[in-house]
Amino acid sequence: MNESRTYISMSDAAAIAHVTKETIRNLCKRGAIGYETHGNFFYPCKEDVERYAASIATIHASEQKMERYKLELQEQMEQLRLAKTDAQARLDALKLYPHRIKHIQKLLCALIPHLDTTLSPRQVEVIMEMLQGGKWPDVSAKLGLTRDRAVQIFEKALEKLEAMPDELERKNMIIEELKEEIHNLKEMKEEKQRLENLTPEEKELLLTPISSDELSVRCQNGLKAAEINNLYDLLRRTPADLLALRNFGKKSLAELEAWLASQGLSLKTD
């Protein structure tokens, strides 16, 4: 054997290179690894095997590095694709932006002049000029104001407009209350007209106190508690109105309706 080189068994060589013994044998036959033979046995050169193992490790490391780089590139490409999609969506939105602004300006220009209870005439003038694309120097010159004063009026107008939803809600509540009052007045007017068409005898009957041996004490007490003291008060109520009274249930209602029917009368229908 060559004393300057170390020769090892096939098993040891395969373990160092992390390959099979058959692979080591083929490398020896191709001259990639030096060797000596003893009979039918190959003894590879340890130094050559180690160089081969180092080169293979370098190749594997490079392949792994390339794979990582490939994955990074794929991730970057996906990020670029998403960014492109997002950018396109933003561009599409920007294309619509001027149209939306013009639409909002149109709506506000139609609405603001009618908000005389919210904005002062001067505030309306300033905000209308700005909504129609006016610049501060031009607006202040046109309205005879300093720039600072025009800005101050504009900002004050915006504050009032921001408070409008709350103000409108309050006004809507007042309007609903007024509608209810008008409805009640209408009913009272109709009731008055009906009373005026009654004969004196019918009016006297309506003012008759509710007191009958045919009505239970519980029923009469329930009516008195609701200040229903005569037939006029009673005949203005619906069955639902009476059932909503405290301590006045379905039994009392049936009793009362039977008593009224015996006199040719009935409760108001819904």
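Here, each number is a calculation from the coordinates, and none is a lab measurement. Nothing here was measured: the structure is a model prediction, and the numbers come from that model. All Cβ positions, even for glycine, are placed from backbone atoms using ideal geometry, and neighbour counts span all protein chains on display.
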Sequence ranges 58-70, 220-232, ranked by mean other-Cβ count within 10 angstrom, highest first
220-232, 58-70
Assuming 0.36 nm per residue, please report the length gained on full extension of the stretch Thr58 to Asp241 beyond their Cα-Cα distance.
56.4 nm
Need the full-extension length gain, His38 to Ser211, defined as separation in residues times 0.36 nm minus the C-alpha distance. One decimal, nm.
48.7 nm
Greater than 26 Å apart at Cα, pairs in Lys224/Lys268; Lys21/Lys65; Lys135/Lys156; Lys29/Lys65:
Lys21/Lys65; Lys29/Lys65
